[in-house]
1. Which of the following residues is out of contact with any helix residue (DSSP H, G or I) (no Cβ under 6 Å at 6 or more places or on another chain) and surrounded by 14 or more Cβ atoms within 10 Å (Cβ to Cβ): 105, 100, 71, 125?
2. Test residue 143 against the criterion of being closer than 27 Å to residue 217 by Cα, assigned by TED's automatic domain parsing to the domain that holds residue 214 and loosely packed, with under 15 Cβ neighbours inside 10 Å, and give yes or no.
3. Return a yes/no flag: does segment 295-305 have any residue that is under 23 Å from residue 267 (Cα atoms), surrounded by fewer than 16 Cβ atoms within 10 Å (Cβ to Cβ) and more than 26 Å from the chain's Cα centre (by Cα).
4. List pairs: first residue in segment 232-245 and on the phi > 0 side of the Ramachandran plot, second residue modelled with pLDDT under 80 and not in a helix (DSSP H, G or I) anywhere in the structure, Cβ distance under 6 angstrom, at least six positions apart or on different chains.
5. I'm told residue 251 meets every condition in (1) in contact (Cβ under 8 Å) with a residue 24 or more places away in the chain; (2) surrounded by 15 or more Cβ atoms within 10 Å (Cβ to Cβ) except one. Can you identify the failing condition by its number?
6. Just to be sure before I move on: is residue 237 exposed (fewer than 15 other Cβ atoms within 10 Å of the Cβ) and within 15 Å of residue 164 (Cβ to Cβ) in the structure I sent?
7. Inside segment 334-346, can you point out the residues that are part of a helix (DSSP H, G or I) and more than 19 Å from residue 403 (Cβ to Cβ)?
8. Looking at (1) surrounded by fewer than 17 Cβ atoms within 10 Å (Cβ to Cβ); (2) in contact (Cβ under 8 Å) with a residue 24 or more places away in the chain, which is the one condition that is false for residue 292?
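The values are calculated or read from the model by the stated rules, or taken from the named source; none is laboratory data. Nothing here was measured: the structure is a model prediction, and the numbers come from that model. Glycine also receives a Cβ, built like all others from the backbone with ideal geometry; neighbour counts cover every protein chain displayed.
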């Protein structure tokens, strides 16, 4: 009698298993024919009996359901995320599922659709949603660490600092750098190097004769940017100790890494540790003495510390290294013109006595001298940034103040041309 029941139980199990396979196969066929609603109905019937299915049947079930969800409800990100969870389950059941062509195609389609939705949110400044979506994409395909990087950036832009910190910490833990191969060629027209998305695209330009000198090189590492963002986020959340500890650990492993030295300098600047910042920048300069940006940054901190003479020295050095460093030109002009207000105030407060008239003339001559000394820097800024109306207006007003009316009229005409759209 016992044997009879055993045989019946086995027969029932076989029938259940056969039914599952049949429903899943029907669902596969429905997906191929584009009837995704029918596929989901069939899969719903099979799911109730999934516990007794074998490994291959379960993997096939989850891949098929992912395919149906991806193609049926592409505008609903929650459904896309559920498709991603199905694909993850397939891999959890059998890691070899990643080699399945259907799995690979499903992942590729899913990533494309999820990324489109995330980009739309990011461009609409809906950063929290973008962060959630990018992270969901990363969970689907953890080899695509760019999604985790985008999730960190989106969360940071959305002021969700704690979430952003957790993502950045993961990026550092896995050693993410976003270093990519760049296919470079020089444009015959401009003489400048241009990067192409693929070797094929670049080589087509070479064959077309528009470009020459093909080379391949790696893009710069983004790790410095992420470290800098993370230390800023630590500072934003009051975790300055964590930021400094992170830098201490990283620099102990890479004592000669100028990037890490720069991040530490920036953090100290943000924390108001000007003295330590200047020490670190000076150390950077010793490693990279021909970097104008380093001198410019020292100029900024010196200026904020009211050490105008030192700031002028650093800005001047930056310009000596790179005469096209427009920010240094403008900052020098600004510091020079900052000397005007107290002189103008004194002039306005003078009376009408002979002594006051004489004093007025002295102050007027001093004011004119200050204004004239700013002109070379403003002229260079206008030369370097001809499209910037504010630079032109400032220089035009200085010309008027010092009696350079002809030059002022020329600038006035150029400003009018820009504002009128060239008409």
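1. Working: 105 fails: surrounded by 14 or more Cβ atoms within 10 Å (Cβ to Cβ); 71 fails: out of contact with any helix residue (DSSP H, G or I) (no Cβ under 6 Å at 6 or more places or on another chain); 125 fails: surrounded by 14 or more Cβ atoms within 10 Å (Cβ to Cβ).
The unique qualifying residue is 100.
2. Details: closer than 27 Å to residue 217 by Cα: yes; assigned by TED's automatic domain parsing to the domain that holds residue 214: no; loosely packed, with under 15 Cβ neighbours inside 10 Å: yes.
Against the criterion (closer than 27 Å to residue 217 by Cα, assigned by TED's automatic domain parsing to the domain that holds residue 214 and loosely packed, with under 15 Cβ neighbours inside 10 Å), residue 143 does not qualify.
3. Within segment 295-305, the subset under 23 Å from residue 267 (Cα atoms) is 295-305.
Imposing the further condition that a residue be surrounded by fewer than 16 Cβ atoms within 10 Å (Cβ to Cβ) reduces the set to 304-305.
Checking the rest, the ones that are also more than 26 Å from the chain's Cα centre (by Cα) come to 304-305.
Yes, segment 295-305 has at least one match.
4. Listed by first residue and then by second, the contacts come to nothing, as the list is empty.
5. Unmet for residue 251, out of (1) in contact (Cβ under 8 Å) with a residue 24 or more places away in the chain; (2) surrounded by 15 or more Cβ atoms within 10 Å (Cβ to Cβ): (1).
6. On the way: exposed (fewer than 15 other Cβ atoms within 10 Å of the Cβ): yes; within 15 Å of residue 164 (Cβ to Cβ): yes.
The answer is yes for residue 237.
7. First pass over segment 334-346, keeping only residues part of a helix (DSSP H, G or I): 334-337, 340-346.
Those that are part of a helix (DSSP H, G or I) and more than 19 Å from residue 403 (Cβ to Cβ): 334, 335, 341, 342, 345, 346.
8. With respect to (1) surrounded by fewer than 17 Cβ atoms within 10 Å (Cβ to Cβ); (2) in contact (Cβ under 8 Å) with a residue 24 or more places away in the chain, residue 292 is out only on (1).
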